[in-house]
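Below you'll find the structure, written out as structure tokens, and then a few comments.
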Amino acid sequence: MKLVVVCPHFAPDVAPTGDVITRIVEHLAARGHRIEVITSLPWYEHHEVEPEFRGKPVQTEAMSWGKVTRVHPFPTDKRDIPRRALAFGGFSALVAGVGLVGGRVDGVLAMSPPLTLGLTGWGIAVARRAPLVFNIQDVFPDVAIELGLLQGERVIRAAYAAERFTYRIADAVTVLSDDLAANVRAKVAADPGKVRVIPNFVDTDWIRPGPKENAYRSEFGLSGKRVV
């Protein structure tokens with residue numbers, strides 16, 4: 001298959017969602033699929049574009065399985081919600097500008113957050129005549145509201161309306177757990193069957209228990225103590 005993947009981060013960026021989607025792409029590529037990834041220039045660790053990626057707002061790298069196009073993410077402080085929303089909008093618009101151009105593909109996979117990439121993914125899916133799968137890593141705006149980062153009745157109402165609309169236009173919505181599935185299905189009551197649970201994975205050969213007493217415990221005086 002030919003696939004377009006729209007995501008906020010991708011290797012060598014160090015964001016957790018970047019690691020998840022990078023592994024997914026690698027495994028899809030290993031199965032013989034051709035993939036076009038559209039993502040941000042690496043910026044997550046220091047909240048600014050990494051030095052080796054500065055200079056051009058859009059950069060493309062050829063891969064054995066396709067290509068990765070990286071666009072400027074407009075880095076902002078996570079606590080500054082208005083500026084972050086504008087950054088999401090600008091980033092999503094750049095992604096759309098890249099993704100709308102190209103031939104027909106077999107599917108588009110878009111990842112949230114940011115929620116705006118759902119709409120971007122839908123635009124690309126329509127333009128390239130493919131179904132859209134919307135992968136939800138965090139349910140927004142719920143998280144922002146519970147943390148007190150998104151306030152104001154009108155703003156919250158508008159955010160929920162945008163969320164419901166994005167779920168409706170997707171051909172399938174994937175979430176990480178049954179709890180998240182119940183949350184999303186309640187918002188797409190007319191078509192709850194489109195919501196599927198696909199848990200994130202863990203490589204148990206890479207992440208596994210090590211010796212309980214180690215150099216870290218010694219350095220910080222934690223030897224023999226229960227640490228959570």
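The values are calculated or read from the model by the stated rules, or taken from the named source; none is laboratory data. All values derive from a computational prediction rather than experimental measurement. Note that each Cβ is placed from the backbone with ideal geometry, even for glycine, and that neighbours are counted across all protein chains shown. Just the protein is used for accessible areas: all its heavy atoms, side chains included, with ligands, DNA and RNA removed. Shrake-Rupley method; radii C 1.70, N 1.55, O 1.52, S 1.80 Å.
Sorted on the mean count of surrounding Cβ atoms within 10 Å across their residues, most packed first, peptides 16-26, 52-62, 103-113 read 103-113, 16-26, 52-62. Each peptide in 3-13, 137-147 gets a packing score, the mean of other Cβ atoms within 10 Å over its residues, and the list from highest to lowest is 3-13, 137-147. The mean accessible area for residues of the chain, using a 1.4 Å probe and ignoring ligands and nucleic acids, is 57 Å² per residue.
For segment 80-117, the residues whose amide N sits under 17 Å from a probe point set 7 Å from the Cα of Asn183 along the beta carbon direction are 111-117. For segment 154-211, chymotrypsin sites (Phe, Trp or Tyr not before Pro) meeting the loop criterion (DSSP other than H, G, I, E, B) and having at most 14 other Cβ atoms within 10 Å: Phe201, Trp206. Checking every one of the trypsin sites (Lys or Arg not before Pro) in segment 128-199 against DSSP loop status and a limit of 15 other Cβ atoms within 10 Å picks out Arg129. So what's Rg/Rh here for segment 77-188, counting alpha carbon atoms and using the Kirkwood radius for Rh? With Rh from the inverse mean 1/r over Cα pairs, Rg/Rh is 0.98.
Do you know the relative contact order of segment 60-158, to the nearest whole percent, from alpha carbon pairs under 8 angstrom that are 6+ apart? Mind showing how you got there, number by number?
Working: 115 pairs, mean separation 20.1, N = 99.
It rounds to 20 percent for segment 60-158.
Between beta-carbons, use under 15 Å as the cut-off and find the net charge around Gly90, counting Lys and Arg +1, Asp and Glu -1. Once positives and negatives cancel, what remains is +2.
Viscosity 0.692 mPa s, temperature 37 °C: Stokes-Einstein D of segment 183-228 from its Kirkwood Cα radius, in µm² per second?
Details: Rh = 15.0 Å.
Translational D for this selection: 219 µm²/s.
Solvent-accessible area assigned to carbon and sulfur over segment 89-211 amounts to 59 percent, based on a 1.4 Å probe.
Its Kirkwood hydrodynamic radius, worked out from the mean inverse distance over all distinct Cα pairs, puts the chain at 19.0 Å. Compared with the alpha-carbon gap, the fully stretched path from Leu149 to Val101 is longer by 13.7 nm at 0.36 nm per residue.
Quickly estimate the mean residue ellipticity at 222 nm for the chain, helices only: each DSSP H run with n ≥ 4 gives -39500 (n - 2.57), and the total goes over all residues, rounded to 500. Intermediate results must be reported in sequence, preceding the final value.
Values: 7 runs with 83 residues, N = 228.
It lands at -11500 deg cm²/dmol.
The Cα trace of segment 62-114 gives Rg and Dmax of 13.5, 39 Å, the first to one decimal, the second as a whole number. With 0.36 nm allotted per residue and the present C-alpha distance subtracted, the Arg226-Ala162 stretch has 18.5 nm of extension available. Ile169 contributes an accessible area of around 30 Å² to the protein surface, as traced by a 1.4 Å probe with all chains present. When you restrict to C-alpha pairs under 8 Å that are six or more residues apart and normalise by the size of segment 73-223, the relative contact order lands at 16 percent.
If the segment from Asp142 to Arg208 were pulled out straight at 0.36 nm per residue, it would be longer than the present Cα-Cα gap by 20.5 nm. Its Cα gyration tensor gives segment 1-52 an equivalent ellipsoid. The semi-axes, each the square root of 5 times an eigenvalue, are 23, 10, 8 Å from largest down.
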